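Take a look at the structure set out below.
The values are calculated or read from the model by the stated rules, or taken from the named source; none is laboratory data. Just so we're clear, the structure is a prediction, and the values are computed from it rather than from any experiment. Please note: Cβ atoms are built from the backbone with ideal geometry, for glycine as well, and neighbour counts cover all protein chains shown.
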Amino acid sequence: MTTGIPGRPARVRHPRRRLAVVTWLAAYPTITAILATFKTLGLTGAPLPVRTLVLTLIAVPLMVFVFTPTLMRVFIWLQRRSPQRSDGDVRTAG
């Protein structure tokens, strides 16, 4: 956590590895679905810069405003549901 402005809640900083996983979980299916749509619409013959432009015009807003925030809420919800460990706890095998 970081210190916040008095009277406002402090912002929570998420670990980078979690952000990387959430980004990948959002990006891979989004890009795959868009590329599959290109194939069904016959856009595979379009020049690469045009396909890239269309792909990014669709994927970036979906990722930024829909999928990543939704997945972050799910991750936070799952984290709250899991049993909390104190810093002194050590996981043991078996």
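The figures follow:
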read-out: Of all residues making up the stretch 67-82, the number that are farther than 11 Å from T30 by Cα, of a type in the set (A, V, I, L, M, F, W, C) and either in contact with a strand residue (DSSP E or B) (Cβ under 8 Å, 6 or more places away or on another chain) or surrounded by 11 or more Cβ atoms within 10 Å (Cβ to Cβ) (or both); value: 5
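Matching residues to (1) part of a helix (DSSP H, G or I); (2) at pLDDT 90 or above:
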site: V12; (1), (2): no, no
site: R17; (1), (2): yes, no
site: T23; (1), (2): yes, no
site: P29; (1), (2): yes, yes
site: A33; (1), (2): yes, yes
site: P61; (1), (2): yes, yes
site: F65; (1), (2): yes, yes
